[in-house]
Amino acid sequence: MRALVINLARETQRLAFQRGQAERLGLGLDVVPAIGVAQLPSLANDLDWSRWQRPLRDVEKACLLSHRSAWQWVVAAREPILILEDDAWLMPSVAPFLAQAMQIKDIEHLSLETRGRKKLLGATHPQMSDLRRLWLDRSGAAAYVLWPEGARKLLERSAKVPALADAVIVETPQLKRWQAAPAQAIQIDMAARYGLTPPIPVSSAISSVTRPVQGGTRHRVRRYMRQLAMGAVMLRPGTERLELWPQLEG
């Protein structure tokens with residue numbers, strides 16, 4: 001399977017790690033150059049950044065633009081592609097999992113990761129026992145498979161409402177989202193939570209930057225409406241709120 005890794009040029013250790021794990025797992029790896037904050041003045045003006053629930057930090061804007069580059073790649077390729085941030089750590093079982101998932105036709109987005117938060121999951125896919133419908137997630141843009149139709153939906157949504165990359169994935173209407181259960185990936189900074197030793201040292205570029213003020217009335221109203229929408233989804237029958245754990249064995 002083809003994979004894309006979003007990587008800043010200065011993060012050479014992360015890229016070396018991604019190349020090594022791709023080779024071990026038999027993945028063809030291409031690099032999507034990540035957008036840096038310094039590039040925003042020439043790239044960010046095409047989007048109205050005031051339309052989400054709060055103002056975005058520059059590093060968050062750059063992250064979204066980087067993911068949009070990967071989504072455009074998927075549309076052009078006309079095939080499903082695994083998209084990775086450069087701190088994504090794939091589990092040993094991911095290769096056979098992906099080989100089976102690629103045979104399924106009614107998926108547009110497939111989250112591989114877990115991050116210490118509960119997800120709202122629905123029914124198991126009839127063709128694959130470790131695949132469940134994903135109704136609600138609060139994070140998850142480090143490791144996911146995206147199909148061309150899903151990529152088109154994400155590009156359209158993010159053009160209308162630029163947001164955190166994972167929020168765009170969560171909030172895009174009618175996106176057919178599924179979840180690996182158990183999870184097939186974590187971000188390296190979550191290694192200790194799952195009893196693992198980090199393969200390389202990492203730190204978050206986003207969490208190290210102070211979050212902007214929450215914004216004005218329009219931002220607060222949008223956030224309130226989103227909370228109501230999330231509450232309605234949580235009342236969906238036949239769902240389960242569950243914290244997933246990674247599948248450590250192949």
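The values are calculated or read from the model by the stated rules, or taken from the named source; none is laboratory data. As the structure is a computational prediction, the values presented were derived from the model and not from experiment. Here the Cβ is made from the backbone with ideal geometry for all residues, glycine too, and neighbour counts use every protein chain on show. Just so you know, the surface numbers come from the protein's heavy atoms only, side chains and all, with ligands and any DNA or RNA stripped out. Shrake-Rupley method; radii C 1.70, N 1.55, O 1.52, S 1.80 Å.
General observations
- Checking every residue in region 103-116 against the condition of being touching a residue at least 24 places away in the same chain (Cβ under 8 Å), in contact with an Asp or Glu (Cβ under 8 Å, 6 or more places away or on another chain), surrounded by fewer than 19 Cβ atoms within 10 Å (Cβ to Cβ) and under 29 Å from ARG236 (Cβ atoms) gives at least one match.
- Across region 62-81, the qualifying residues are those that are among the hydrophobic types (A, V, I, L, M, F, W, C) and open to solvent by less than 10 Å² (accessible area, probe 1.4 Å), and the one among them that is nearest to LEU29 (Cα to Cα) is ILE81.
- Scanning region 171-204 for residues that are crowded, with 18+ Cβ neighbours inside 10 Å and part of a loop (DSSP other than H, G, I, E, B) yields a total of 5.
- Some residue of region 205-227 being open to solvent by 30 Å² or more (accessible area, probe 1.4 Å), of a type in the set (Phe, Trp, Tyr) and modelled with pLDDT under 90: yes
- Test: GLU85 is within 14 Å of the chain's Cα centre (by Cα) and acidic (Asp, Glu): yes
- Among the residues of region 118-134, the one identified as in contact with a Ser or Thr (Cβ under 6 Å, 6 or more places away or on another chain) and surrounded by fewer than 19 Cβ atoms within 10 Å (Cβ to Cβ) is GLY122.
- Test result for GLY150, crowded, with 21+ Cβ neighbours inside 10 Å, modelled with pLDDT under 95 and under 25 Å from TRP49 (Cα atoms): no
- Of the set (1) modelled with pLDDT under 95; (2) farther than 30 Å from GLY216 by Cα, all apply to ARG57 but (2).
- When region 128-164 is filtered for residues that are aliphatic (A, V, I, L, M) and within 15 Å of ALA183 (Cβ to Cβ), the ones remaining, listed by number, are MET128, LEU131, LEU134, ALA141, ALA142, ALA143, VAL145.
- Filtered residue count, region 101-157, keeping only those that are outside any strand (DSSP E or B) and not hydrophobic (A, V, I, L, M, F, W, C): 22
- Any pair with Cβ under 6 angstrom, 6 or more apart, that starts in region 1-29 at a residue that is open to solvent by 20 Å² or more (accessible area, probe 1.4 Å) and ends at one that is of a type in the set (Lys, Arg): GLY28/ARG2
- Any chance LEU25 is modelled with pLDDT of 95 or more and under 19 Å from the mean Cα position of the chain (by Cα): no
- Screening ASP87 against (1) farther than 30 Å from THR197 by Cβ; (2) open to solvent by less than 70 Å² (accessible area, probe 1.4 Å); (3) touching a helix residue (DSSP H, G or I) at 6+ places or on another chain (Cβ under 6 Å) leaves a single unmet condition, (1).
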